[in-house]
Amino acid sequence: MSSSKPLPNSYSATILPPANKAFVPRDYSHGTELRFSTELPAKLQGRIPEEVFTAVIGNINQLLIAAETGSASVYLESCFACLTGYLAYLCMETQYEKCLRSVSRLVEEYNRTVFGPRNLSMIDPSERGLRVIEIVLLRP
Amino acid sequence: MPKRWEVYPGKSQVLFSGRCISAKNLSVFYLTLALIVISSCLFLAFDCRLLAVTLSPSVPVLAAVQFIFVLCCLLRTTFSDPGIIPRGTPDEAAWIESQLEGPQVDRDGNYRPPVRLKDVQISGRVFKLKYCFTCKLWRPPRASHCSTCDNCVDRFDHHCPWVGNCVGRRNYRYFYLFLISLSVYCLYVMVFGIVNLVLLSNMRKDFLMAMKESPTSVLTILVAFFSIWSVVGLGGFHTMLICRETSTNEDIKGSFNQRRHPDLINPFDQGNGLANCCYVLFGPVTPSLLNFREDEIGLGSSISLVTNNGRNGTASAAAASTAVTATPAVRYSNLTRNNNDATSNSVGHVNNSVQVISESLPAQLPGDGNDVIVKNGNGTPADGVISGGTDTVGAQNSNTQSASSVHCIV
């Protein structure tokens, strides 16, 4: 990029994104619910069919959205915890944690069946603070 | 291999080896704790002696139960993760920042900072998402960056010095219940303190004599009386906020102020005050995303989760990793690192190549794309010196490939 003046020193480097990683960002169009974009990243074009990718992300989204839905069991669990002064949380696992664990298992499953054979690897979004789903391109 | 809490870059205080997190400055929290504990002890030790005998032994029992509940809520609010969003990895940051319109200098010579806003439409209303340069992430709607703790916090309410922590999504219910329970408890202590004085004065036939005989009652009544105004007031304010599904931060900014701007609808409002209350107070509890107790397996240098034993991906990744750790204080813009790790078992390759080039060079560098060549500002290559210390490649198996050249300046 050209400019008429040299930029301040701290901005003299242009940073390129990593060539072997694709990122699936969060989709906030439905609010703050946990949902990732189902759009196929450019780096994965040709590596994985779009329908497969959409289905995979869709399934992960379903589990994540279920984690944030207020169901009767979730309310009961919270009420019970409140009555114990929240000491119950020290020994029990919340519904949300169970959902995130099932997402981890699903990601493992997809790595074995869908991504592994295509030399891709999906990183569990919990490892990335639920910011992005990172997909590593194992071989160029 | 360090744990994640050991490399945590924010300004919050991590306690008990990553099990708790709070603000760095807890002096006002200690004051709050002292006021509650000392008043309660005085009340239970002195006032309840007469009350238990004259009225009922359930009076001190109820007081004790309330005291414990108030303490539990307070300690939960102070020491739990308020909903901190972990910082983005360098790779994520590179990806996002490459998409942002970069800093530019226009014809007049004015410097324009990089554009870091994007619009997202939620239920018919446009929200502006900001890119947080400190945390290297797109801030979700309702999240905000706390300058005291230097973190982005989800559904940020406010930073409360009395409680010694930010109040955000994860600990808002504890904060609110602390306020409500403390209001009730203050009222309880004040009422029964007065009852105690009245009973004593009836026995002694002199109110002043009763006060002299039980000075701690006077003290607890005064503390409770002055606390009630602020605690009940704040509790009422937060009740109103909860019913409208707004946070203090949004209320201050007027994000959902429909009186001024009728199109500023609140898409998070479920329409019914009771439904909002139930969701905020008893809805799903987000676990802490910081995962402090886990091993830090590198700044976004990811290990494939393809394993042959079906264990939880996190555990197997940590176990099989050839860890590359970096000093947490290193800022992304100065650090480049390339590591070519391979392990002999079924865990796959990872290349963590981040290319940094100076402005005057062409975008494509020669070579296989794995080498990182760092240039100084004037275009001459810097000597490849590994600094910043902790570039350990541990637990390598015998048939690993040799690591490619690592050039790194801090």
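The values are calculated or read from the model by the stated rules, or taken from the named source; none is laboratory data. Predicted model, so just to flag it, every value in this text is computed and none were measured. Methodologically, a virtual Cβ is constructed for each residue, glycine included, from the backbone with ideal geometry; neighbour enumeration extends over all protein chains shown. The area values use the complete protein model at the heavy-atom level, side chains included, leaving out ligands, DNA and RNA. Shrake-Rupley method; radii C 1.70, N 1.55, O 1.52, S 1.80 Å.
With a 1.4 Å probe and all protein chains kept in place, how do B:Asp154, B:Asp119, A:Asp124 rank by accessible area, largest first?
Working: B:Asp154 30, B:Asp119 95, A:Asp124 10 Å².
Most to least solvent-accessible, the answer reads B:Asp119, B:Asp154, A:Asp124.
Across peptide A:26-33, what mean number of C-beta atoms from other chains lies inside 10 Å of a residue's C-beta? Let's see the in-between values first.
Numbers: counts 5, 1, 10, 5, 5, 9, 11, 1.
Whole-number average of other-chain Cβ neighbours for A:26-33 is 6.
Measure nothing fancy, just the Cα-based angle from helix A:72-83's long axis to the longest principal axis of chain A, in degrees from 0 to 90, nearest 10.
For A:72-83 against chain A, the angle is about 70 degrees.
For chain A, modelled as a Gaussian network with Cα springs under 10 Å, which listed residue fluctuates most, A:Ala42, A:Ala22, A:Ala66?
A:Ala42
Each residue of the stretch B:233-249 in turn: what ³J(HN,Hα) in whole Hz from Karplus with 6.51, -1.76, 1.60 and θ = phi - 60°, glycine and Pro shown as x?
So the Karplus estimates, Gly and Pro as x, are x, 5, x, x, 4, 6, 4, 5, 5, 5, 5, 9, 6, 10, 9, 4, 4 Hz.
Considering the stretch A:4-140, what Rg and Dmax in Å follow from its alpha-carbon atoms?
Answer for the stretch A:4-140, Rg first and Dmax second: 19.3, 66 Å.
Net charge near B:Tyr279, counting Lys/Arg +1 and Asp/Glu -1 over other residues with Cβ under 11 Å of its Cβ?
Result for the neighbourhood of B:Tyr279: -2.
For the stretch A:113-134 and the stretch B:1-41, what is the centre-to-centre distance using only Cα atoms, to the nearest Å?
Measuring centre to centre over Cα atoms gives 34 Å.
With labels modelled as points extended 7 Å from the Cα through the Cβ direction, what inter-label distance (nm, one decimal) is found for B:Leu15 paired with B:Leu219?
Label-label distance for B:Leu15 and B:Leu219, simple model: 2.4 nm.
Which pairs, out of A:Lys43/A:Lys98; B:Lys24/B:Lys118; A:Lys43/B:Lys136; B:Lys128/B:Lys253; B:Lys11/B:Lys130; B:Lys3/B:Lys130, put more than 25 Å between their alpha-carbon atoms?
The pairs that break the limit, which is 25 Å between Cα atoms, are A:Lys43/A:Lys98; B:Lys24/B:Lys118; B:Lys3/B:Lys130.
Mind listing the long-range amide H neighbours of A:Ala19? Cut-off is under 5 Å, sequence gap 5 or more, other chains count too, H placed in the peptide plane at 1.01 Å from N.
Answer set, sorted by chain and number: B:Ser353.
Can you figure out the FRET efficiency of B:Leu117 with B:Lys212, using R₀ = 56 Å and their beta-carbon distance, to the nearest 0.05? Before the final figure, lay out each step's value.
Values: r = 66 Å, r/R0 = 1.18.
So, using R0 = 56 Å, E works out to roughly 0.25.
How far apart, in nm, are two points set 7 Å out from the Cα along the Cα-to-Cβ line at B:Met240 and at B:Lys253?
2.1
Summarise the partner chain shielding of A:70-76 as one whole number: the mean count of Cβ atoms from other chains within 10 Å of each residue's Cβ.
3
Could you rank B:Glu294, B:Glu6 by how accessible they are, 1.4 Å probe, largest area first? Can you show the working numbers first?
Working: B:Glu294 60, B:Glu6 100 Å².
Highest to lowest solvent-accessible surface, that is B:Glu6, B:Glu294.
At 1.4 Å probe size, with every protein chain present, just tell me what the per residue accessible area of the stretch B:111-200 comes to in Å².
Solvent-accessible surface per residue comes out at 36 Å².
Working from Cα positions, state the angle (0 to 90°, nearest 10) between the long axis of helix A:50-68 and the longest principal axis of chain A.
40
Checking an interface number: how much accessible area is buried between B and A, summed over both chains, with a 1.4 Å probe, in Å² rounded to 100?
Roughly 5600 Å².
D for the stretch A:47-111, whole µm²/s, Stokes-Einstein with Kirkwood Rh over alpha-carbon pairs at 25 °C and 0.890 mPa s: what number?
Numbers: Rh = 13.5 Å.
Value of D from the Cα-based Kirkwood radius: 181 µm²/s.
For A:Thr113, project a label point 7 Å along Cα to C-beta. Then give me every residue of the stretch A:41-73 with its amide nitrogen under 18 Å of that point.
Label zone hits: A:48-64.
5 Å is the cut-off here: which amide hydrogens, built 1.01 Å from N in the peptide plane, fall below it relative to B:Leu129, excluding neighbours closer than 5 in sequence?
B:Lys118, B:Asp119, B:Val120
Among A:Leu130, A:Leu76, A:Leu106, whose mean-square fluctuation peaks in a Gaussian network model of chain A (Cα, cutoff 10 Å)?
Highest fluctuation of the listed residues: A:Leu76.
Run the accessible area of the stretch A:61-136 with a 1.4 Å probe and give the carbon-and-sulfur part as a rounded percent.
Numbers: 1900 of 3040 Å².
Roughly 62 percent, rounded to a whole number.
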